[in-house]
Amino acid sequence: MAEEIKILSFLSEFRASANSLLSKYEPLALVLIPIFSLFIARLFQSAIVGVQENGLKSSLIASFMYIIKLVPGVRSYLDAEKQKVVDKLQSGNKSKREGWRTQLPTAGLGNRVLELMEEEKRKDVAWQGKCSGTVYIGGTESEGHFSLINEACSMFAHTNPLHLDVFQSVVHYEAEVVAMTAALLGRKASGDQICGNMTSGGTESILLAVKSSRDYMRTKKGIQNPEMIIPVSAHSAYDKAAQYFKIKLRRVPVNNEFQADVKAIRRCMNKNTILIVGSAPGFPHGIIDPIKELGQLAMRFGVCLHVDLCLGGFVLPFARKLGYPIPPFDFSVQGVTSISADVHKYGLAPKGTSVVLYRNHEIRKHQFVAVTEWSGGLYVSPTIAGSRSGGLIAGAWAAMMSLGEEGYLENTRRIMEASKKIQEGIKGIPELFIVGKPDMTIVAFASDKLDIFEVNDIMSSKGWHLNALQRPNSLHICVTLQHVPVVDDFLRDLQESVKTVKENPGPISGGLAPIYGAAGRMPDRVMVQELLVNFMDSSC
Ligand SMILES: *Cc1c(COP(=O)(O)O)cnc(C)c1O
């Protein structure tokens, strides 16, 4: 949260100087844009590509800013402005980092490190019951579950499945975690040889699925300039994959129900398309995309379809069993070629565990990297990491085995009921409305009567950590077992926060609302991107 505060105040300050620049140079730019577009071929070309990808308005703004920066003195002015804010940011960090160790202690501290760590841990904010998502383990048996997982992890902490001749135990556990997950996600109905691997998290699972799809499509269809199509609601991990693996990313708006718009995706398909994507559910609004229709589209065009079950993988199969109406989402749908499911979310496993699954071995083989010409010997590795912690694999296995189907069913019942209660409660607050129809345990809400980010500020002052979303401006809570006992507190606080904002509209001191608004409205997205990067660079 503190980081968000900093980055957003950074943005707001920058916006002011960007705006004054914009107005100062607007007439000049109107003359310069066509001239430069005509005479600078590189710029002309990039403008065309930009318009295709980002639309006319943002392309004009981008070329405008590009040209503005060519005017002598402007770039240095902008850089200086940026540096000022970055310096300020870093000074904040500096004070926070004062006294941080920069080299090894000469004499080791031995066991005393544990005391120091206890002390350090106390500096984290109180997250219990108050964070959207974040920690999924909770409820009355949580103490036992935490310590069971800790024990399992520590028992295997020094193992490494890279050495499969040495650590058969964790190789065995990984295979079982993958098989048990595949059984939940339509293996039987598919009739195929579903296979997969454990990864470090949802992002790695998605990265691997994209990489495998790219190389599978190159082999199968000879695609050399791959493109993938994602709904705007799909996770940012696809952007990462596109950048890492040199794939062109096409982002398609969602429909009125906030679901993937299959027709719009269809319109973006071409001979270079390797992959389309659906989420079950998507992170922003917790809504399941029409996976069956996406499957039909993928089959028709002979492309891959990845279903992001990072959130839903360990909820939807159980919710369906409990009688909730859950549309098709897994390998039982023809056309689905890969799936990601996070054990470290609703699977209640330790952080750093996820599963990537493929419909068959032919696709998965493209995930592996085999090296024959290394003086270190013959090498083959299945995932992005080389060495991996067997401790996390053992922790995930322990979580799944200790809970069993009945454990997950009971947990799902609780969080689904809590989520329904939250939805009912929000419906009872006339200033708010729910975004779309949540399928699971993520509830997004917005307001057309007041600034929802101001509501968020008041909620934050009451200790809540909700997720702020954009397009449309809204908040969401990802309901976990942590929330089951505090549903009424949440609704009471939300009601009070809405009342406070209604009676005293306008930003509170230290609040983020104006900055969230500014960050969303800032026209030059390249600038926002640069600021995000500079912020990250100064915080780690
Ligand atoms: C969390 C999440 C991811 C990414 O997972 P990480 O574990 O944070 O890497 C991807 N997709 C969805 C829908 C998610 O909720």
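The values are calculated or read from the model by the stated rules, or taken from the named source; none is laboratory data. Quick caveat, the model's predicted, so the values are computed rather than measured. Every residue, glycine among them, receives a Cβ derived from its backbone with ideal geometry; neighbour counts consider all protein chains shown.
For this structure, a couple of remarks:
- Candidate set: region 333-349, residues that are away from the ligand (no atom under 14 Å from the Cβ) and over 22 Å from Pro438 (Cα atoms); chosen: the one surrounded by the most Cβ atoms within 10 Å (Cβ to Cβ): Val336
- Annotation for region 509-526: no member residue is acidic (Asp, Glu), surrounded by 19 or more Cβ atoms within 10 Å (Cβ to Cβ) and within 16 Å of the ligand (Cβ to nearest atom).
- Meeting the requirement of 2 or more residues that are closer than 27 Å to Asp439 by Cα and away from the ligand (no atom under 16 Å from the Cβ), the strands (runs of 3 or more DSSP E) wholly within region 178-295 are 248-252.
- Going through (1) touching a residue at least 40 places away in the same chain (Cβ under 8 Å); (2) surrounded by fewer than 18 Cβ atoms within 10 Å (Cβ to Cβ); (3) more than 16 Å from the ligand (Cβ to nearest atom) one by one, His172 falls short only on (1).
- None of Ala370, Ala385 is at pLDDT 95 or above, in a strand (DSSP E or B) and surrounded by fewer than 24 Cβ atoms within 10 Å (Cβ to Cβ) except Ala370.
- Gly352 meets each of the listed conditions (1) at negative phi; (2) within 13 Å of the ligand (Cβ to nearest atom) apart from (1).
- Residue count for region 234-253 under the criterion of being under 20 Å from Gly202 (Cβ atoms) and surrounded by 15 or more Cβ atoms within 10 Å (Cβ to Cβ): the result is 11.
- Number of residues in region 391-416 that are acidic (Asp, Glu) and either under 20 Å from Ala182 (Cα atoms) or within 25 Å of the chain's Cα centre (by Cα) (or both) equals 2.
- Of residues in region 341-359 being assigned to a loop (DSSP other than H, G, I, E, B) and aliphatic (A, V, I, L, M), the one nearest to Val135 (Cα to Cα): Leu348
- Residues within region 444-453 that are closer than 13 Å to Leu494 by Cβ and out of contact with any strand residue (DSSP E or B) (no Cβ under 9 Å at 6 or more places or on another chain), tallied: 1
- When region 304-325 is filtered for residues that are more than 10 Å from the ligand (Cβ to nearest atom) and out of contact with any helix residue (DSSP H, G or I) (no Cβ under 7 Å at 6 or more places or on another chain), the ones remaining, listed by number, are Leu316, Arg320, Gly323, Pro325.
- Residue match in region 99-120 (condition: surrounded by 10 or more Cβ atoms within 10 Å (Cβ to Cβ) and either under 28 Å from Phe490 (Cβ atoms) or assigned by TED's automatic domain parsing to the domain that holds Val486 (or both)): no
- One residue from Ile223, Ile194, Ile230 being hydrophobic (A, V, I, L, M, F, W, C) and touching an Asp or Glu at 6+ places or on another chain (Cβ under 9 Å): Ile230
- When residues of region 454-472 are limited to those that are assigned to a loop (DSSP other than H, G, I, E, B) and on the phi < 0 side of the Ramachandran plot, the one surrounded by the most Cβ atoms within 10 Å (Cβ to Cβ): Leu466
- Some residue of region 175-191 being in the same structural domain as Met228 (by TED's automatic domain parsing), among the polar types (S, T, N, Q) and in contact with a Ser or Thr (Cβ under 8 Å, 6 or more places away or on another chain): yes
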